[in-house]
Amino acid sequence: PPAIRIDNLVKRYAPPKGASEDEGKLALKGVSFDVPQGQIFGLLGPNGAGKSTLINILAGLVNKTSGTAEIWGFDIDESPRNAKRSIGIVPQEIVFDPFFTPFEVLENQGGFYGIPAALRKSEELLRAVHLADKRDAYARTLSGGMKRRLLVAKAMVHSPPILVLDEPTAGVDVELRRQLWELVTGLNDEGVTVVLTTHYLEEAEQLCDRIAIINHGEVIADKPTRELVGMA
Ligand code: ADP
Ligand code: ADP
């Protein structure tokens with residue numbers, strides 16, 4: 001099976017109190033795509049298109065209304081633990097305890113996944129994201145770019161075969177954007193399947209093997225990057 005299979009996926013959020021069910025926001029209107037193992041797949045679309053909703057369904061944080069969402073052939077709702085093990089999520093928001101150090105952030109995350117202390121690879125991950133020299137600094141003293149790199153390391157603590165990044169470079173300067181791209185392509189070279197959302201065409205072009213354009217909860221194009229760019 002593909003790393004990720006999304007078929008006719010529908011998400012309707014709960015309506016405001018007192019409103020009827022069909023007044024709930026229809027965020028995904030029957031979305032379908034497969035992500036084969038080893039690909040860097042980009043979901044490109046404007047704000048409000050439904051990108052975060054999709055990511056949150058993959059992360060097991062939001063329940064789908066109907067349709068299929070599978071990881072390696074396993075339904076995400078039916079096997080949430082399998083999904084959690086298979087996917088590392090790099091969220092849009094930077095969420096660290098400001099008085100934790102990068103090393104502690106990764107050790108804690110390892111504990112969260114039940115990885116025994118002796119088998120954790122926090123130091124190795126810090127080196128991979130070029131934060132070895134910040135091992136014991138308070139997270140609040142890190143630059144925005146360092147925090148983003150720490151988020152990527154945190155998502156990789158349990159060595160997931162799939163990495164999902166929600167708008168990894170939103171509001172990030174050019175230099176840092178390049179650093180993050182290198183980090184992502186490096187992980188992909190090591191075999192990690194990558195899904196990322198973005199509203200920058202340039203980012204999708206530079207980074208992705210394939211791009212799906214999503215708008216108003218619908219996929220309106222889904223092509224290898226070369227073909228898509230050729231069309232424009
Ligand atoms: P994107 O990530 O592409 O900006 P989202 O998935 O965040 O898009 O949002 C898709 C649509 O669903 C938007 O209209 C948004 O307002 C709506 N939406 C997102 N989250 C919720 C929620 N928790 N409750 C109701 N509507 C939501
Ligand atoms: P709880 O159910 O105990 O609140 P959460 O699901 O909120 O646990 O996750 C706890 C921590 O693990 C949070 O920091 C969250 O961001 C992180 N986390 C959860 N799932 C993943 C994942 N698949 N990849 C990376 N981090 C994750």
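The values are calculated or read from the model by the stated rules, or taken from the named source; none is laboratory data. Only a predicted model underlies this, so the values are computations on that prediction, with no experimental measurement involved. Neighbour counts are summed over all protein chains in view; Cβ atoms, including those assigned to glycine, are modelled from backbone coordinates with ideal geometry. Only protein heavy atoms, including side chains, enter the accessible area calculation; ligands, DNA and RNA are left aside. Shrake-Rupley method; radii C 1.70, N 1.55, O 1.52, S 1.80 Å.
Let me know the number of lysine pairs in the stretch 30-156 closer than 24 Å at the Cα, not counting same-chain pairs under 8 apart. Close lysine pairs found across the stretch 30-156: 13. Per-residue Karplus couplings for the stretch 156-168, computed as 6.51 cos²θ - 1.76 cosθ + 1.60 with θ equal to phi - 60°, are listed in order as 9, 4, 9, 6, x, x, 10, 10, 10, 10, 9, 6, x Hz, Gly and Pro entered as x.
Entry note: the chain has Rg to Rh equal to 0.98, where both radii use alpha-carbon atoms and Rh is the Kirkwood radius. Both radii are taken from the alpha-carbon atoms of the stretch 1-52; with Rh as the Kirkwood radius, Rg/Rh is 1.10. Each DSSP beta bridge with both residues in the chain is either parallel or antiparallel, and the antiparallel ones are about 55%. With all protein chains in place and ligands, DNA and RNA left out, the 1.4 Å accessible area ranks Arg81, Arg210 as Arg81, Arg210, largest first.
Give me P(r) over the stretch 72-177, computed from all C-alpha to C-alpha distances, binned every 5 Å, as integer percentages. Over the stretch 72-177, the share of Cα pairs per 5 Å bin runs 2, 12, 22, 23, 20, 11, 6, 3, 0 percent. For the stretch 1-101, a/c is not less than 1.5, where a ≥ b ≥ c are the root eigenvalues of the C-alpha gyration tensor, and a/b does not top b/c. That puts it in the oblate class. Contact order normalised by length for the stretch 115-183, with contacts defined as Cα pairs under 8 Å and 6 or more residues apart; what percent is it? Relative CO of the stretch 115-183 lands at 32 percent. The 1.4 Å probe gives accessible areas that order His158, His130, largest first, as His130, His158. So, R0 is 22 Å and r is the distance between the beta-carbons of Lys223 and Leu26; what FRET efficiency does that work out to, to 0.05? It comes to 0.30. Solvent-accessible surface (1.4 Å probe) assigned to Thr185 amounts to roughly 50 Å².
Centre-to-centre, using Cα atoms only, the stretch 124-200 and the stretch 1-19 are separated by 28 Å. Residues whose amide H comes within less than 5 Å of that of Ile40, counting only those at least five positions distant or on another chain, are Val194, Asp209, Arg210 (H built at 1.01 Å from N in the peptide plane).
Relative to the current alpha-carbon distance between Asn108 and Ala14, full extension at 0.36 nm per residue lengthens the span by 30.5 nm. What the phi angles of the stretch 40-48 give under the Karplus curve with 6.51, -1.76 and 1.60, with θ = phi - 60°, is a coupling list of 9, 10, x, 9, 9, x, x, 4, x Hz, glycine and proline written as x. Rolling a 1.4 Å probe across all protein chains gives Lys147 an accessible area of roughly 50 Å². Taking a sphere under 13 Å around the Cβ of Thr225 and counting the other residues whose Cβ falls inside, with K and R at +1 and D and E at -1, yields a net charge of -3.
Estimated at 0.36 nm per residue, the fully extended path between Trp72 and His216 surpasses their Cα-Cα distance by 49.1 nm. In the chain, helices alone account for a calculated mean residue ellipticity at 222 nm of -9500 deg cm²/dmol, with every DSSP H run of four or more residues adding -39,500 (n - 2.57).
When the dipole is taken about the Cα centre of the stretch 182-232, and only Lys, Arg (+1) and Asp, Glu (-1) are charged at their Cβ, what size is it in debye, to the nearest 20?
Details: 3 positive and 10 negative charges, 38 e Å.
Here the stretch 182-232 has a charge dipole of around 180 debye.
Taking amide H positions as modeled 1.01 Å from N, with prolines and chain starts lacking one, the residues under 5 Å from Val219 and 5 or more places away or on another chain are Ser32.
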